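*Asks:* Mind having a look at this structure? Questions to follow.
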Amino acid sequence: MPGVELEETLLPGVGVRYQMRTRSGQLLGIVVQREGGAEIAVFDRRDPDRARETFRLDPEEVDALAEVLGAPRLTQRFADLSREVPGLESARITVREGSPFAGRTLGDTRARTVTGCSVVAIVRGADVVPSPAPADALFAGDVLVVIGSAAGLEQLDRRIAGQV
Amino acid sequence: MDHVAALLVELGLLFLGLSLLGLLARRLGLSPVPFILLAALALGEGGLVPVENAAPFLEAAAEIGVVLLLLTLGLEFSATELFASFRRHAPSGLVDLVLNGPPGFVAGLLLGLPWQGALALGGVTYISSSGIVARLLGDLGRLANRETPAVLSVLVLEDLAMALFLPLLVVALAGDGPAQAAGGIALAVGAVLLVLLAAQRHGHRLGRLLSHDDDEQVMLRLIGLTLLVAGAAQAMGASAAVGAFLVGLALPASFAERARAILGPLRDLFAATFFVAFGLATDPGAILPVLPAALALAAVTTVTKIATGWFAARRDGVAVPGRLRAGTALVARGEFSIVIAGLAVTAGLPAVGPVATGYVLVLAVTGPVLTRFVEPLSARLVRAPAAA
């Protein structure tokens with residue numbers, strides 16, 4: 001990720017060590033262990049080589065933490081991605097009440113065939129369905145995270161709204 | 001009591017005793033190895049209580065203990081980690097070797113050992129205990145510290161050096177003429193390099209051959225293969241330890257993690273019996289006369305290890321307190337020093353045993369204690385942040 005100061009070092013026999021200097025100037029250490037656990041460390045201000053406080057996480061806690069930090073970031077990250085590829089755009093298309101596709105499957109929209117767009121995630125309240133399959137159901141209120149060309153996205157938006 | 005009953009009772013008491021010693025060691029934040037050695041010294045030849053019935057079993061189990069110790073040493077680090085450490089820290093590894101091997105070698109010669117014995121003693125003083133150090137770093141919450149990659153890299157490079165040193169030592173201990181020794185060493189180095197290269201290319205096949213959904217199958221296949229190779233190596237005049245080490249190196253990283261988990265408890269059991277057997281075979285009366293020498297050697301090689309850690313951590317841009325932490329963390333010597341000494345003793349150089357025992361007893365305890373105390377001490381070395 002550009003602009004983020006993240007340093008990665010192998011810790012032989014243990015795992016991988018990451019060190020991140022945040023933009024606010026704080027130093028964060030993360031050790032991801034081979035067995036799946038992790039340690040998150042805050043460094044001593046007087047001796048920035050030394051971890052002053054360490055959180056020890058077992059593999060399940062690591063998963064839980066990753067989910068907390070990861071899910072809301074997903075849609076954001078696609079927006080970032082589309083910014084880097086010229087001509088590729090992303091959009092969030094809401095399946096509104098009364099849409100012909102509410103209660104049907106994603107495959108029924110034939111989004112890719114008709115508009116060339118890819119639905120990369122379905123956001124449903126606090127949940128995210130990443131890389132949804134054609135058989136996944138759509139409900140009123142779902143938000144589709146879609147990438148494609150500007151024209152394709154517009155066409156899909158109209159299609160989901162039942163205007164075509 | 002009949003023989004079987006006496007054997008079982010002796011072993012039962014022994015393992016219960018080991019459990020208590022382990023508890024005590026953990027409570028003190030130390031490795032159980034020096035405690036086991038001390039207890040075994042008190043029991044064995046010339047000690048307080050002779051262990052007669054269990055001795056033959058312990059000797060056989062000790063051989064398996066060495067094999068499993070070396071197998072897990074080979075499993076500990078992946079080839080990727082090895083090459084990465086070598087690229088980044090080759091000079092640190094060299095400093096480590098140059099500073100910590102020669103003191104043992106010179107001390108051996110001064111003590112009147114033949115050069116092969118001195119070579120073994122050089123190995124004893126060279127190799128830090130990766131078991132003690134890795135555990136210590138975790139216990140002290142230092143894994144995230146900036147000096148830790150340097151410390152672990154030094155350990156990995158010692159591991160690599162062991163792969164070359166062990167065959168070399170075994171050939172030297174066999175005691176043929178210099179020409180045969182040179183030939184044997186070339187052969188051994190060639191074998192190690194061949195295994196490392198073959199592991200890069202074909203290690204995954206070996207992994208596939210050994211892997212199975214069932215843990216029991218994996219354990220039996222792995223131990224079977226390892227004992228077979230170790231036995232073959234021993235029969236060819238190399239050491240069983242070397243064979244086992246090569247098996248560990250050859251296994252791919254993907255398989256190594258599972259193998260470590262499965263072998264862990266078994267390794268701990270047999271390794272403990274190895275330390276017991278080594279302690280039993282060492283006459284405690286023979287340690288006292290060489291204790292001053294062992295202490296002096298310990299003092300010198302404490303300084304040289306601190307210098308090694310200092311150098312390695314400085315390469316990574318770590319400040320003075322971190323360099324001190326790195327140096328003191330490396331001071332502990334333990335299981336592999338005993339393995340090396342054990343090779344020399346079985347090759348007919350019993351004089352290496354008492355020196356190495358005294359030496360390891362001292363450093364397996366003072367190393368961890370030193371690095372604990374250096375932390376608050378070195379904190380005083382850094383100035384308080386300027387009042388904002």
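*Asks:* Looking at B:A118, B:A150 in this structure, which one is part of a helix (DSSP H, G or I), closer than 20 Å to B:V355 by Cα and either away from every other protein chain (no Cβ under 12 Å) or in contact with a helix residue (DSSP H, G or I) (Cβ under 6 Å, 6 or more places away or on another chain) (or both)? Can you show your working first?
*Replies:* Details: B:A150 fails: closer than 20 Å to B:V355 by Cα.
Only one candidate qualifies: B:A118.
*Asks:* Give the residues of region B:331-374 that are touching a Lys or Arg at 6+ places or on another chain (Cβ under 8 Å) and closer than 14 Å to B:A299 by Cβ, sorted by residue number.
*Replies:* B:V331, B:Y359, B:L363, B:G367
*Asks:* Identify all residues within region B:208-255 that are in contact with a His (Cβ under 8 Å, 6 or more places away or on another chain) and among the hydroxyl-bearing types (S, T, Y); write none if there are none.
*Replies:* B:S254
*Asks:* Hey, among B:R135, B:R142, which residue is in contact with a strand residue (DSSP E or B) (Cβ under 9 Å, 6 or more places away or on another chain), within 14 Å of chain A (Cβ to nearest Cβ) and within 25 Å of B:V362 (Cβ to Cβ)?
*Replies:* One residue alone meets the criteria, B:R142.
*Asks:* Of all the strands (runs of 3 or more DSSP E) wholly in region A:1-52, which have at least 1 residues that are small (G, A, S)?
*Replies:* A:15-21, A:27-33, A:38-43
*Asks:* Applying the selection to region A:140-164, what residues are within 11 Å of A:R96 (Cβ to Cβ) and touching a strand residue (DSSP E or B) at 6+ places or on another chain (Cβ under 7 Å)?
*Replies:* A:D142, A:V143, A:D157, A:I160 - these are the residues of region A:140-164 that are within 11 Å of A:R96 (Cβ to Cβ) and touching a strand residue (DSSP E or B) at 6+ places or on another chain (Cβ under 7 Å).
*Asks:* Tell me which residues, restricted to region B:308-327, are in contact with a Gly (Cβ under 7 Å, 6 or more places away or on another chain) and away from every other protein chain (no Cβ under 11 Å).
*Replies:* Scanning region B:308-327 gives B:T308, B:G309, B:W310, B:G327.
*Asks:* Separate question: For residues in region A:87-118 being of a type in the set (V, I, T) and touching a Lys or Arg at 6+ places or on another chain (Cβ under 8 Å), which is farthest from A:V145 (Cα to Cα)?
*Replies:* My answer is A:V114.
To keep it simple, each residue is scored yes or no on (1) at pLDDT below 90; (2) crowded, with 22+ Cβ neighbours inside 10 Å; (3) among the basic types (K, R); (4) farther than 23 Å from B:L37 by Cα.
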position: B:V303; (1), (2), (3), (4): no, no, no, yes
position: B:G317; (1), (2), (3), (4): yes, no, no, yes
position: B:E335; (1), (2), (3), (4): yes, yes, no, no
position: B:I338; (1), (2), (3), (4): no, yes, no, no
position: B:L381; (1), (2), (3), (4): yes, no, no, yes
position: B:A388; (1), (2), (3), (4): yes, no, no, yes
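The values are calculated or read from the model by the stated rules, or taken from the named source; none is laboratory data. Keep in mind that this is a model prediction, so the values were computed, not measured. Don't worry about glycine lacking a Cβ; one is built from the backbone with ideal geometry, like all the others, and counts go over all protein chains shown.
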